[in-house]
Amino acid sequence: MNADFNLGHKIYVDRNQAGFQRNEFAKMCKLTPDSMKRIELGTRKVRPYELYEIAKRLGQSMEHYLGKPRLAGKN
């Protein structure tokens with residue numbers, strides 16, 4: 001599977017579990033709804049600063065989305 005799709009799917013799942021509609025969540029993250037849709041579908045790469053905003057709004061770390069382990073003692 002494509003890494004962009006996997007990342008986008010994680011964002012999609014977490015956004016839905018948090019109860020956000022795509023349009024409102026996109027605005028919270030300073031993105032257009034179309035950009036958010038394309039990120040979630042994996043047809044558009046997410047930029048690091050966008051991923052930071054997305055992760056922050058969903059209460060996650062960037063590592064959660066990138067699949068990298070957290071450093072000991074870091075939250």
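With respect to the conditions (1) modelled with pLDDT of 95 or more; (2) not in a loop (DSSP other than H, G, I, E, B); (3) not polar (S, T, N, Q), K30 falls short on a single one, namely (2).
Of all residues in the range 14-30, exactly one satisfies the criterion of being hydrophobic (A, V, I, L, M, F, W, C), under 15 Å from Y65 (Cβ atoms) and in contact with an Asp or Glu (Cβ under 9 Å, 6 or more places away or on another chain), namely C29. The criterion of being of a type outside the set (G, A, S) and at pLDDT 95 or above holds for Y52.
For the range 1-19, the set of residues classified as without any contact (Cβ under 8 Å) to a residue 12 or more places away in the chain and either part of a loop (DSSP other than H, G, I, E, B) or open to solvent by less than 40 Å² (accessible area, probe 1.4 Å) (or both) consists of M1, G19, listed by residue number.
The values are calculated or read from the model by the stated rules, or taken from the named source; none is laboratory data. Since the model is a prediction, treat every value here as computed from it, not as a measurement. All Cβ positions, glycine included, derive from the backbone under ideal geometry; neighbour counts span all protein chains shown. The protein model used for the area step is the full one, side chains on, heavy atoms only, and it has no ligands, DNA or RNA in it. Shrake-Rupley method; radii C 1.70, N 1.55, O 1.52, S 1.80 Å.
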